[in-house]
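A.B. asks: For reference, the structure I am asking about is given below.
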Amino acid sequence: MKTLKSMIVIAGLLMSSQLFAEQVPLVTNIFARPSISLCGKWNYIVDPLENGYYDYRHRPWDTNGFFENKKPANPSELVEYDFDTSPYMTIPTDWNTADDQLFFYEGTVWFKKSFNYQLKTGKRAILYFGAVNYDAKVYVNGKKVGEHVGGFTAFNFDVTDVLKDGENFVIVKVDNKRAQDNVPTLNFDWWNYGGITREVLVVEVPDTYIEDYYLQLAKGNAGQIEGWVKLNEPKAGVEVTVDIPELKLKQTLKTGVDGKAQFSVKAKLELWSPENPKLYKVFVSKADEQMQDEIGFRTIETRGRQILLNGKPVFLRGVSIHEEAPFRQGRAWSEADAHTLLSWAKELGCNYVRLAHYPHNEHMVREAEKMGIMVWSEIPVYWTISWENAETYKNAEAQLRDEIARDRNRCAIIIWSVANETPHGEARDKFLSSLAKYCHDNDPVRLVSMAMEVTSTTSGNLNRLQDNMHQYVDVVSFNEYVGWYRDTKAARNMVWEIPYEKPAIISEFGGGALQGWHGSVDQRFTEEFQEDLYKANVDMFERIEGLAGTSPWILMDFRSPRRQLYGIQDFFNRKGLVSEKGIKKLAFYVMKDWYEKKKKEYEK
Ligand code: GCB
C-alpha cells in the first residue's frame, strides 16, 4: 500500500510546475562560448486570458497546457491551438512594435521555436536568454525548465537532461502584466515593451565548466590586477589559466575546494580612459575550454567631493539613455542600436552615460567601453515600489546580482545605482541601504549611487539636498527639474547646498520639446523653451559647489504611455535632445557647448 507521503510525492511529480532542469548561475561572457543561436522566427499565440496555462476553473493545467505543443492525433481530436500555423515574430523583438495589434497589449503571449540539436558526450547544454519582459516560464520538449522574473536581466538553465538528439522545441510563456509588488512596480514612465527582447542561445560547455571569472584592478591600485576564476561546481585541483599575451602575463592556477582559483598580480598597464579606451585581449581557459574577452583596467574612487578616474579628478559629462531603438522605436538590443545611440552621446561631448532605468543589453555596455564612455548602470527600483514586501526585496537584489554578474569585468561601468526617485521613509531606507550594502560587498571596486530627489527645504531660492541615503552611497545624485516641473525661469537665481562631503551628480534635469516646433522661450514644448531651460540650468550648475557630473534627461525622445498630449507627445516623452527620428534639437547644442567648456576646464 502506498504511504501518504509517497502519494504526495507522486502527486507533486505530476504537477506541471515540476522542474525538469535547473536555473544555474549566470554563465559569463556568453557570446564568446560555442553556441547555437535561437534568434529568428518564433511562432506566437496571444493569450489574454491565459487559456494555455489555466483550465476553465482557473487551475493551472498539469497537461493540456500550450507548453505541450500538442497536435491532434487524428482529424476528429479537438486541439484549439497550433503554434505551427500561428504567426511568427523575429526574436529578439518586443511584441508592441512587431505586431500592430499588440501596441498597447499587456498580458501573456506564448512563443515557440523548434531547433535541431546533437549533444556531444561530456558536454552540457545551457539555454540562455538575454532578457524577457517580465515573467518567463520556460519549457523544453513539453517539460518545464524554470521561471524568471525581471525584464532586463539575463538568465540561463541547464537543459542537458531534457534535450534529445534531433528535433527539439522550446516554448516560453511571457507575461508583462504590471503589478504593485514587481520591480519595477505598476507605475513607470516608459513603455512596457513585452516579449523576448534580447538574444536566445543554446550554449555548449564541458561537464565541468568555467561559470564566471573576474579581472579588474585592485581598489585604487593601478599596478595590481586582482581576479578569480570560478567553476560551476566545487571541484578542487582543476587547472585554469588566465593569459594576457600583450602584457606577457600568464597565470596558471588550481581551483580550491570551492571550485574557485584566486590571483593577484602586479602589472604595468596602459590604463583605460575616455581619451584612450585601451582594452586587452584576455584568454581564460582550462584543458577543455577556452574563451576570449577584451578587458580594460582603470581605477575609480572618490576624494572629498571629487570623482577620480585613474587618480585624476574627472567631470562626468553625461546623458541619460533609455534602451529604445533609434529610428524604428521599440526595444533596442543590437550592437548597431548601441552604436548609434552612443555616437550621439559622443557628439554631445560625453565621456559618460547613465543607462536608465534598468540594466541595458550587453552590447550597449561593451560598445560604450570600446568608445571610451563611462557607464552608470541601474536596476528598476523606481518610484514607489513595495518596500515592505520581502519578496520584492529578493527580486530587486536578484536583479542587482545578475546585473553585476554579467558586467563585473566591464571597466566602463563605474557606478551601480540602486534606485530612482524613491519616497523617504523607514521601510524604504532599510530596503535601499541593504541594496547599497549588497553592491559594496559584492563589488568593492565600483561606486554606489542612487538618483534622489530634492525634497527638502526650498526657502526662497535655496535648495538643500536631504536624504538619509547619503550615508550609504559613494556619490550623491539627484534629479532636479528646475524650469519644467518646478520654478519655471527661476534657475538663474537658485542657490544650492549639498551638505554631504561626497561628489554630487545631477542625474536628471530637462524639459520637453517637439522637434521642429518653434516659438517663443515662454511657450512650452517649443525647441526655444527647451533651449532656454538648458541655458538657465547650465548657468546654475556653475554655482553648485562640488558638482562632479550631469546626465540630462534624456538623449532621445522615448515612448511612454504617460505622455498623451495629442499632436505634441503622442505617447512620447519629448525631453530628448534628439528626436526619435534622430534629429537634434536646439538644446543639444547648448549642452554640447557647455561640455566643451567643462572638458577644457578639467584638462588644465
Ligand atoms: C523623472 C524620472 C524619469 C522620467 C522623467 C520625466 O524624474 O526619473 O523616469 O521620465 O522624470 O520626464 O518626467
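The values are calculated or read from the model by the stated rules, or taken from the named source; none is laboratory data. No experiment lies behind these values; they were computed from the predicted model shown. Please note: Cβ atoms are built from the backbone with ideal geometry, for glycine as well, and neighbour counts cover all protein chains shown. Please note that ligands, DNA and RNA were not included when accessible areas were found on the heavy atoms of the full protein model with its side chains. Shrake-Rupley method; radii C 1.70, N 1.55, O 1.52, S 1.80 Å.
A.B. asks: Go through Gly259, Gly237 for me and flag whichever is over 30 Å from the mean Cα position of the chain (by Cα) and closer than 29 Å to Gln290 by Cβ. Let's see the steps before the verdict.
C.D. replies: Numbers: Gly259 fails: over 30 Å from the mean Cα position of the chain (by Cα).
Residue meeting the stated conditions: Gly237.
A.B. asks: With respect to Asp84, determine if the residue is surrounded by 13 or more Cβ atoms within 10 Å (Cβ to Cβ), assigned by TED's automatic domain parsing to the domain that holds Leu38 and of a type in the set (D, E, K, R). So that I can check it myself, show each step before the final result.
C.D. replies: Details: surrounded by 13 or more Cβ atoms within 10 Å (Cβ to Cβ): no; assigned by TED's automatic domain parsing to the domain that holds Leu38: yes; of a type in the set (D, E, K, R): yes.
Judged against the criteria, Asp84 is not a match.
A.B. asks: Of the residues Val183, Val138, which single one is within 16 Å of the ligand (Cβ to nearest atom) and farther than 18 Å from Trp333 by Cα? Talk me through it step by step, then tell me what you get.
C.D. replies: Numbers: Val138 fails: within 16 Å of the ligand (Cβ to nearest atom).
Matching residue, one of Val183, Val138: Val183.
A.B. asks: Between Asp474, Asp522, which is closer than 27 Å to Ser377 by Cα, of a type in the set (Asp, Glu) and assigned to a loop (DSSP other than H, G, I, E, B)? Steps first, answer last, please.
C.D. replies: Working: Asp522 fails: closer than 27 Å to Ser377 by Cα.
The conditions single out Asp474.
A.B. asks: With the condition kept exactly as written, say whether any residue in segment 373-386 is away from the ligand (no atom under 16 Å from the Cβ), over 25 Å from Ala218 (Cα atoms) and touching a Ser or Thr at 6+ places or on another chain (Cβ under 6 Å).
C.D. replies: yes
A.B. asks: Suppose we keep only residues that are under 23 Å from Pro313 (Cα atoms) and small (Gly, Ala, Ser) within segment 272-301. Which one would you say is surrounded by the most Cβ atoms within 10 Å (Cβ to Cβ)?
C.D. replies: Gly296
A.B. asks: For the structure I just gave you, tell me whether Trp517 is of a type in the set (A, V, I, L, M, F, W, C), in contact with a Ser or Thr (Cβ under 6 Å, 6 or more places away or on another chain) and either in a strand (DSSP E or B) or surrounded by fewer than 20 Cβ atoms within 10 Å (Cβ to Cβ) (or both). Steps first, answer last, please.
C.D. replies: Working: of a type in the set (A, V, I, L, M, F, W, C): yes; in contact with a Ser or Thr (Cβ under 6 Å, 6 or more places away or on another chain): yes; either in a strand (DSSP E or B) or surrounded by fewer than 20 Cβ atoms within 10 Å (Cβ to Cβ) (or both): yes.
In short, yes.
A.B. asks: Of all residues in segment 47-63, which are open to solvent by 70 Å² or more (accessible area, probe 1.4 Å) and not hydrophobic (A, V, I, L, M, F, W, C)?
C.D. replies: Pro48, Asn51, Tyr56, Arg57, His58, Arg59, Asp62, Thr63 - these are the residues of segment 47-63 that are open to solvent by 70 Å² or more (accessible area, probe 1.4 Å) and not hydrophobic (A, V, I, L, M, F, W, C).
A.B. asks: Could you tell me whether Gln399 is on the phi > 0 side of the Ramachandran plot and surrounded by 20 or more Cβ atoms within 10 Å (Cβ to Cβ)?
C.D. replies: no
A.B. asks: Let me ask something else about it. Hey, can you tell me all the residues within segment 481-509 that are open to solvent by 10 Å² or more (accessible area, probe 1.4 Å), within 16 Å of the ligand (Cβ to nearest atom) and of a type in the set (Val, Ile, Thr)?
C.D. replies: Thr488
Yes or no, residue by residue, for (1) under 24 Å from Arg124 (Cα atoms); (2) β-branched (Val, Ile, Thr); (3) at pLDDT 95 or above; (4) surrounded by 15 or more Cβ atoms within 10 Å (Cβ to Cβ):
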{"position": "Gly227", "(1), (2), (3), (4)": "no, no, yes, yes"}
{"position": "Val238", "(1), (2), (3), (4)": "yes, yes, yes, yes"}
{"position": "Leu249", "(1), (2), (3), (4)": "no, no, yes, yes"}
{"position": "Phe263", "(1), (2), (3), (4)": "no, no, yes, yes"}
{"position": "Glu270", "(1), (2), (3), (4)": "no, no, yes, no"}
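A.B. asks: For segment 413-451, name all the residues that are open to solvent by less than 10 Å² (accessible area, probe 1.4 Å) and without any contact (Cβ under 8 Å) to a residue 24 or more places away in the chain.
C.D. replies: Selection gives nothing.
A.B. asks: Please enumerate the residues belonging to segment 551-567 that are open to solvent by less than 40 Å² (accessible area, probe 1.4 Å) and either away from the ligand (no atom under 14 Å from the Cβ) or of a type in the set (Phe, Trp, Tyr) (or both).
C.D. replies: Across segment 551-567, the qualifying residues are Trp553, Phe558.
A.B. asks: From the list Ser114, Ser37, which residue is among the small types (Gly, Ala, Ser), modelled with pLDDT of 95 or more and either surrounded by fewer than 11 Cβ atoms within 10 Å (Cβ to Cβ) or more than 23 Å from the chain's Cα centre (by Cα) (or both)? Before the answer, list the steps.
C.D. replies: Numbers: Ser37 fails: either surrounded by fewer than 11 Cβ atoms within 10 Å (Cβ to Cβ) or more than 23 Å from the chain's Cα centre (by Cα) (or both).
Answer to the check: Ser114.
A.B. asks: Enumerate the pairs (first residue in segment 153-171 and open to solvent by less than 10 Å² (accessible area, probe 1.4 Å); second residue anywhere and hydroxyl-bearing (Ser, Thr, Tyr)) with beta-carbon separation below 6 Å, excluding pairs fewer than 6 apart on the same chain, so at least 6 apart or on different chains.
C.D. replies: Qualifying pairs under 6 Å: Asn156/Tyr128; Asn168/Tyr117; Ile171/Tyr139.
A.B. asks: Does Asp474 satisfy being open to solvent by 10 Å² or more (accessible area, probe 1.4 Å), touching a strand residue (DSSP E or B) at 6+ places or on another chain (Cβ under 8 Å), within 30 Å of Asp212 (Cα to Cα) and not small (Gly, Ala, Ser)? Spell out how you get there, then give the answer.
C.D. replies: Details: open to solvent by 10 Å² or more (accessible area, probe 1.4 Å): yes; touching a strand residue (DSSP E or B) at 6+ places or on another chain (Cβ under 8 Å): yes; within 30 Å of Asp212 (Cα to Cα): yes; not small (Gly, Ala, Ser): yes.
In short, yes.
A.B. asks: Give the residue, chosen from Trp344, Trp387, Trp376, Trp383, that is in contact (Cβ under 8 Å) with a residue 24 or more places away in the chain and crowded, with 23+ Cβ neighbours inside 10 Å. Explain how you work it out, then say what you get.
C.D. replies: Values: Trp344 fails: crowded, with 23+ Cβ neighbours inside 10 Å; Trp387 fails: crowded, with 23+ Cβ neighbours inside 10 Å; Trp383 fails: crowded, with 23+ Cβ neighbours inside 10 Å.
None of the others qualify; the one that does is Trp376.
A.B. asks: Does Ile404 meet the test of being of a type in the set (Val, Ile, Thr), under 16 Å from Gly150 (Cβ atoms) and away from the ligand (no atom under 16 Å from the Cβ)?
C.D. replies: Numbers: of a type in the set (Val, Ile, Thr): yes; under 16 Å from Gly150 (Cβ atoms): yes; away from the ligand (no atom under 16 Å from the Cβ): yes.
Here the answer is yes, as Ile404 does meet what is asked.
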